[in-house]
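Everything on this sheet refers to the single structure shown next.
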Amino acid sequence: MPGGDPGDDNARGAALLKALARAAIVHWKGIATRARALENQCLVATAPTVGEAPWSPAVDVNFGAAGVFAPPDRGFPADGVLAQGTLNAPGWVYADIDFGAVATLRNDPQVFLRRDWHALGGTTETVIEERVS
């Protein structure tokens, strides 16, 4: 990642996540997107489908707004919104992205999620849930 030392754990990982999604509950989608940015200390870009899609029963009606979100932490807006489109309207949404700011945030955040993950009981092991019918 630009601006980070490859040997530094805080410099590893994605600096930008993309989410192509459909959400029936628009408010929830905005909260979830910001949560991903905060807990991963990265930027998240969303590009939902909007409008009717009669050709697909799985995505027949789509709601949302495209956006680019950041952790609400040092160097980024308090609400985490870098750019956001108009609800349920097609169009382009873009933001100037400073990957150096992401690296800086990972090395000096207000909340040390990445550094303290294991101390907080976090695991990097894959958890497989077995369901009994």
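The values are calculated or read from the model by the stated rules, or taken from the named source; none is laboratory data. What you are looking at is a predicted structure, and each value in this text was computed from that prediction instead of being measured. When we count neighbours, we look across all protein chains shown, and the Cβ atoms used for this are built from the backbone with ideal geometry, even at glycine.
Quick notes
- The set of residues from the range 61-80 being in contact with a strand residue (DSSP E or B) (Cβ under 7 Å, 6 or more places away or on another chain) and either surrounded by 20 or more Cβ atoms within 10 Å (Cβ to Cβ) or not β-branched (V, I, T) (or both) comprises N62, A65, A66, G67, V68, F69, A70, G80.
- Selection status of P48, in a loop (DSSP other than H, G, I, E, B), at pLDDT 85 or above and not small (G, A, S): no
- Screening A83 on (1) over 20 Å from Q41 (Cβ atoms); (2) touching a strand residue (DSSP E or B) at 6+ places or on another chain (Cβ under 9 Å) shows it passes everything except condition (1).
- G13 meets all of the listed conditions (1) in a loop (DSSP other than H, G, I, E, B); (2) closer than 19 Å to A101 by Cβ; (3) at pLDDT 80 or above; (4) not aliphatic (A, V, I, L, M) but one, namely (3).
- Residue count, the range 64-75 (criterion: part of a strand (DSSP E or B) and of a type outside the set (A, V, I, L, M)): 2
- Matching option when the condition is within 24 Å of A15 (Cβ to Cβ), at pLDDT 85 or above, among the small types (G, A, S) and not in a loop (DSSP other than H, G, I, E, B), among A103, A78, A95: A103
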